[in-house]
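Single-structure report; data block below.
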Amino acid sequence: MNYRSKSREHLKAASEQLETGSDSALKYAALELRMAMEAVTYDRALAFKEEFPTEEYDTWQPKKVMAVLLEIDPMTDKDSMLAFGLEEEYGVPAKQMTSLGTEEVLNMSVLKKHYDALGSFLHIQTIKSTKGGKRVDHEKLRKRCEEIRGYLYKVLSSPVFNSTLGVFYSLKCAECGKKIRKRVLRRENTIKVECSNCIASYRVSDSGANQSVWEHLQQEIECANAVCKKKIVVWEKEIRLGANWECLDCKGKNTFVLGVNYEKALNR
Ligand SMILES: [Zn+2]
Ligand SMILES: [Zn+2]
């Protein structure tokens, strides 16, 4: 199945519905647009087939596939194209930004937002909202449909539509055992990866030959009882104001608090 041409077909059908200019055609346009977005999603999943085996998604609903794609791809969890600070985050030279920028055309996070937004128009109104005098806002729906049409058009005409540049890293989470997958743009990147299932987080760096080093973002913390000092190991995400634990040795309670350290000036 060529999902990309499938997506184009649905986009064309959506356009035809939109161009009739009739309000009652909007829901059909919305439906076609949703299907176009689903096709784009499946196509994206196929492009990631190395890291995302077919058995895992061939029966999945688009929403679930979108969620996994969002997890894998570091570029997809950015909210907007403009806010995406490539240079800062990855140290990519400015001249490379243009080519990477075009790949951003397919942003799963934007796609998912549009997809969810349309979903609410495709169901009959609840009894409550009908009673409350609420009506389908055709103007809003039309605007949303036009926006999605423009977005999909851009995505489908992008020359690097499905490039999977970069390197994939994966690891079984040390804390919960879930498989974590992440794509990075360039080998020399060090990235922070969080398990979507638990509190674990890692610093991942490339060690060449398709190998990666996963450093646990953990810290050793001593019991604050001066005569005990029993150490525990915690994930960085567990260190937050007010979090506490009972010491295994002295049974005392330790709590993370804010502190200020004072040092006297040397020349006074
Ligand atoms: Zn985990
Ligand atoms: Zn203790």
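Odds and ends about this structure:
- Partner lysines for Lys134 [C-alpha distance under 16 Å; skip if fewer than 8 residues away on the same chain]: none
- Accessible area of Asp206 (1.4 Å probe, protein heavy atoms only, ligands and nucleic acids ignored): about 40 Å².
- Cross-link reach is defined here as a Cα-Cα straight distance under 22 Å, omitting same-chain residues fewer than 8 places apart; for Lys128 the lysines meeting it are Lys27, Lys140.
- For the set Lys6/Lys63; Lys6/Lys112; Lys192/Lys253; Lys112/Lys192, the pairs lying more than 26 angstrom apart at their alpha carbons are Lys192/Lys253.
- Highest mean packing comes first when the peptides 7-18, 123-134 are listed by Cβ atoms within 10 Å, giving 7-18, 123-134.
- Under 29 Å from the Cα of Lys251 - lysines, other chains or at least 8 residues apart: Lys229, Lys230, Lys231, Lys237
- The distance from the alpha carbon centre of region 217-246 to that of region 11-44 is 54 Å, rounded to a whole number.
- The calculated FRET efficiency for Asn2 paired with Val233, based on their beta-carbon distance and R0 = 51 Å, is about 0.55.
The values are calculated or read from the model by the stated rules, or taken from the named source; none is laboratory data. Since this is a predicted model, take the numbers as computed values, not measurements. Glycine also receives a Cβ, built like all others from the backbone with ideal geometry; neighbour counts cover every protein chain displayed. Ligands, DNA and RNA are excluded from the accessible area calculation, which covers all protein heavy atoms including side chains. Shrake-Rupley method; radii C 1.70, N 1.55, O 1.52, S 1.80 Å.
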